[in-house]
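J.: Mind having a look at this structure? Questions to follow.
The values are calculated or read from the model by the stated rules, or taken from the named source; none is laboratory data. Remember, predicted model here, so these are calculated numbers, not experimental data. So basically every Cβ, Gly included, is an ideal-geometry build from the backbone, and we count neighbours across all protein chains shown.
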Amino acid sequence: MNIEVLFFLNSLQVAERELEEKYREGRKSGVLFFPYNQLPAVRVADKEITVSHKDIFTEGSPGSWTCDFLVVDEKAAPGWEVDWPTRMFNAPSDREGFFSSSNPTALPAESGRKGVFVVGNSRANSSTEESLAEASAAAAGVSVLLAKPEIEAETHATVDPQKCALCLTCVRVCPHSAIDYGEYPEHKRSAARIFDAACIGCGICVGECPARAIELTTPAPEEKPAKTLVLCCKRSAQQARETLAAHKWTVPKDVCFVEVPCAGRVDTGLILKAFETGHERVLVLGCHEDACKSIYGNTAAQRRVDYLKKNLPAIGIAADRLEMRRLAASQVERLAAVQPA
Amino acid sequence: MIIAEQKPFERIVEMTAKARNILVAGCGTCVTVCLAGGAKEVAVVASKLRLAAQNAGRKITVTEATIERQCENEFVEKLAPALKGVDTVVSLACGIGVQFLAEAFQNLPILPGVNTRFLGAPSKQGTWQEKCMACGDCRLDKTAGVCPMARCSKNLLNGPCGGSANGKCEVNPQKIECAWQLIIDRMEKLGRLDELEAITPPNDWSTAHDGGVRETASEQAVPAKTEAMKSV
Ligand code: SF4
Ligand code: SF4
Ligand code: SF4
Ligand code: SF4
């Protein structure tokens, strides 16, 4: 019997035992794997099941398949365990409600908040074995932190308490739970406060603050005049760029690459400024979905890009002059594909 | 807090079609908090105006300034230096701020860059909901802390109506909760459900806008020194 098997998945994680082998076996016996950024659409009509899927590699128009059976992964939901860290640390959870279960950039047991570890069923739907492994990873993480008598924290971002309107936006959106609010004694007023030991400098708050009260301590890199400006997340596109540079890559003419700490730093103001300073095209390069070190920095950037694309025509700028693309640090070919406008 | 949202940019372009030198003025209080008109949005609107003009082949100057509150004369005065050479102001404050600027700067067109929507609060980050319509005679004591004027789509004082189903309002069951369901639920929790049997008579709207333009004065407020001198 000739059976065709198609496998749609977000990211294939083969960290668990024997998974890699199973994957290879599947490939060999003809199973087709399709990664997606966007959940495929399923339509059932007249007993016919159709799955439409947009390929992330070709980024082309969606393909669609009809099938006899559709097998959907069971959905695991987090238990009560996630409740208190959520309340204590305002800790962000992923789409399923777990603490970064599917984020390949997070180390085992690591949570969004530095120094807070989560293991077992609050982190993901895990087996006892996995939970035990995570628990020792957490213990290792803690011992690293406690190795020195004092933890030195670097300042990555600062709030100007005179400008802060206490809108609490940053407190709510910081994926690393690094902001609260309180008194600045020297200014005799309350404002948002960044907890240096937890802040990783992603700049998501900077992009979101309506009062422009937050600044990153690292100065924005110089932009050179060029037709195309490419804003590169330092964890993916920037690394791909470094890999290419090490291989004597000839940077395309009229393209200026600029590193950002996270795609989530890129806000509407920054993109509009880029057009104002003469760039004809702006490209935002961020990590794949569910692979953002700052959990939703990439989706924050996507949201802003989508919003702006709708608004650009009213300014007299064609929407296709702004684009967001996803890549992993290893997908150098995607960076190499960036061509001048 | 006053909740506003930015006008569609096409409208702002239309309003400023003849302007050559525009100041985009932000307000550091309500509209900053509701993400519609603080320093960040001022920069965004200014950028958009510059780009739109440039792409339409028009030469204009656009500057930016944000003050604490556009509804206090002392703060508004601080805008004066920023107005040098300016022929049009787009204010991103609520309607109150726009009117304060218009009053302070009589010879300048002051244009509204936002739509002032309502008195409300965030229901979640980035979404705001109406909570009060400033009726001038708050009855929240009688309705368990849920406002029937602002939150019942029909302003019913003796609700719910027949359009309440599963706790939702028929006007928009996806978005609007039935205020009367909320009132009843909460009255029940407070053990005061029986109070709702009393019929509330028709409302006296004279404390609301029906009584004409409203003014309210504090009897115990000490007048500012300029005023105090006048009454001596
Ligand atoms: S987002 Fe900006 S204005 Fe709002 S609380 Fe944070 S620092 Fe203050
Ligand atoms: S820079 Fe990132 S980690 Fe630091 S406070 Fe802002 S949002 Fe949080
Ligand atoms: S002008 Fe309007 S938006 Fe600004 S502080 Fe006053 S009431 Fe709030
Ligand atoms: S009863 Fe009147 S004052 Fe009280 S919340 Fe409702 S509208 Fe506002």
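J.: Name the single residue that is surrounded by the most Cβ atoms within 10 Å (Cβ to Cβ) among those in region B:179-228 being in contact with an Asp or Glu (Cβ under 9 Å, 6 or more places away or on another chain) and under 21 Å from B:Gly162 (Cβ atoms).
T.: Out of the qualifying residues, it is B:Met187.
J.: Let me ask another. For B:Ala36, all conditions in the list (1) within 16 Å of A:Asn311 (Cβ to Cβ); (2) more than 9 Å from chain A (Cβ to nearest Cβ); (3) not hydroxyl-bearing (Ser, Thr, Tyr) hold save one; what is the number of the exception?
T.: Looking at each condition in turn, B:Ala36 falls short on (2).
J.: If you take the residues of region B:47-70 that are without any contact (Cβ under 8 Å) to a residue 24 or more places away in the chain and more than 7 Å from chain A (Cβ to nearest Cβ), which of them is surrounded by the fewest Cβ atoms within 10 Å (Cβ to Cβ)? Write out each step before concluding.
T.: Step one: filter region B:47-70 for residues without any contact (Cβ under 8 Å) to a residue 24 or more places away in the chain, giving B:47, B:50-51, B:53-58.
Among the residues that remain, those that are also more than 7 Å from chain A (Cβ to nearest Cβ) are: B:53-54, B:57-58.
Numbers: B:Ala53: 22, B:Gln54: 16, B:Gly57: 7, B:Arg58: 11.
Among those that are without any contact (Cβ under 8 Å) to a residue 24 or more places away in the chain and more than 7 Å from chain A (Cβ to nearest Cβ), it is B:Gly57.
J.: Return the residues of region A:173-194 that are more than 7 Å from ligand 2 (Cβ to nearest atom) and touching a Lys or Arg at 6+ places or on another chain (Cβ under 9 Å); say none if nothing qualifies.
T.: Of everything in region A:173-194, those that are more than 7 Å from ligand 2 (Cβ to nearest atom) and touching a Lys or Arg at 6+ places or on another chain (Cβ under 9 Å) turn out to be A:Ser177, A:Asp180, A:Tyr181, A:Gly182, A:Glu183, A:Tyr184, A:Ala191.
J.: Something else now. Could you identify the single residue in A:Glu289, A:Glu333 that is closer than 30 Å to A:Glu96 by Cα and away from chain B (no Cβ under 13 Å)?
T.: Going through A:Glu289, A:Glu333 in turn, the sole match is A:Glu289.
J.: Now for a separate question. With the requirement that a residue be in contact with a strand residue (DSSP E or B) (Cβ under 6 Å, 6 or more places away or on another chain) and assigned to a loop (DSSP other than H, G, I, E, B), what does region A:271-286 give you?
T.: A:His279
J.: Right, something else. Against the conditions (1) crowded, with 20+ Cβ neighbours inside 10 Å; (2) assigned by TED's automatic domain parsing to the domain that holds A:Ile295, where does A:Cys174 fall short? Just the number, please.
T.: Going through (1) crowded, with 20+ Cβ neighbours inside 10 Å; (2) assigned by TED's automatic domain parsing to the domain that holds A:Ile295 one by one, A:Cys174 breaks only (2).
J.: Looking at A:Glu259, A:Glu276, A:Glu208, which is the one that is away from ligand 4 (no atom under 16 Å from the Cβ) and out of contact with any Cys (no Cβ under 8 Å at 6 or more places or on another chain)?
T.: Of A:Glu259, A:Glu276, A:Glu208, the one residue that is away from ligand 4 (no atom under 16 Å from the Cβ) and out of contact with any Cys (no Cβ under 8 Å at 6 or more places or on another chain) is A:Glu276.
J.: Output the number of residues of region B:13-33 satisfying the condition of being more than 9 Å from chain A (Cβ to nearest Cβ), within 19 Å of the chain's Cα centre (by Cα) and among the aliphatic types (A, V, I, L, M).
T.: Total satisfying the criteria: 2.
J.: Checking the structure you have, find out if any residue of region A:247-266 is within 14 Å of A:Ser330 (Cα to Cα) and either modelled with pLDDT of 95 or more or out of contact with any Phe, Trp or Tyr (no Cβ under 7 Å at 6 or more places or on another chain) (or both).
T.: Our first condition is that a residue be within 14 Å of A:Ser330 (Cα to Cα); within region A:247-266, this holds for A:247.
Now restrict to residues that are either modelled with pLDDT of 95 or more or out of contact with any Phe, Trp or Tyr (no Cβ under 7 Å at 6 or more places or on another chain) (or both): A:247.
So far as region A:247-266 goes, yes, one or more of its residues are within 14 Å of A:Ser330 (Cα to Cα) and either modelled with pLDDT of 95 or more or out of contact with any Phe, Trp or Tyr (no Cβ under 7 Å at 6 or more places or on another chain) (or both).
J.: Ok, one more. Do any helices (runs of 4 or more DSSP H) lying entirely in region B:80-191 carry at least 2 residues that are farther than 28 Å from B:Lys40 by Cα and away from ligand 3 (no atom under 16 Å from the Cβ), and which ones are they?
T.: Where helices (runs of 4 or more DSSP H) fall fully within region B:80-191 and carry at least 2 residues being farther than 28 Å from B:Lys40 by Cα and away from ligand 3 (no atom under 16 Å from the Cβ), they are B:148-151, B:179-189.
J.: So is A:Ser177 more than 7 Å from ligand 1 (Cβ to nearest atom), part of a strand (DSSP E or B) and of a type in the set (S, T, N, Q) or not?
T.: no
J.: Something else now. All but one of (1) charged (D, E, K, R); (2) more than 23 Å from the chain's Cα centre (by Cα); (3) away from chain B (no Cβ under 13 Å) hold for A:Glu154; which doesn't?
T.: If we test A:Glu154 against (1) charged (D, E, K, R); (2) more than 23 Å from the chain's Cα centre (by Cα); (3) away from chain B (no Cβ under 13 Å), just (2) comes out false.
J.: Kindly check whether there is at least one residue in region A:149-156 that is out of contact with any Cys (no Cβ under 7 Å at 6 or more places or on another chain), within 24 Å of A:Pro78 (Cα to Cα) and either of a type in the set (Lys, Arg) or within 16 Å of ligand 2 (Cβ to nearest atom) (or both).
T.: The answer is no; no qualifying residue exists.
J.: Which one is farthest from the other protein chains (Cβ to nearest Cβ) among residues in region A:172-199 that are touching a residue at least 60 places away in the same chain (Cβ under 8 Å) and over 22 Å from B:Glu41 (Cα atoms)?
T.: A:Ala197
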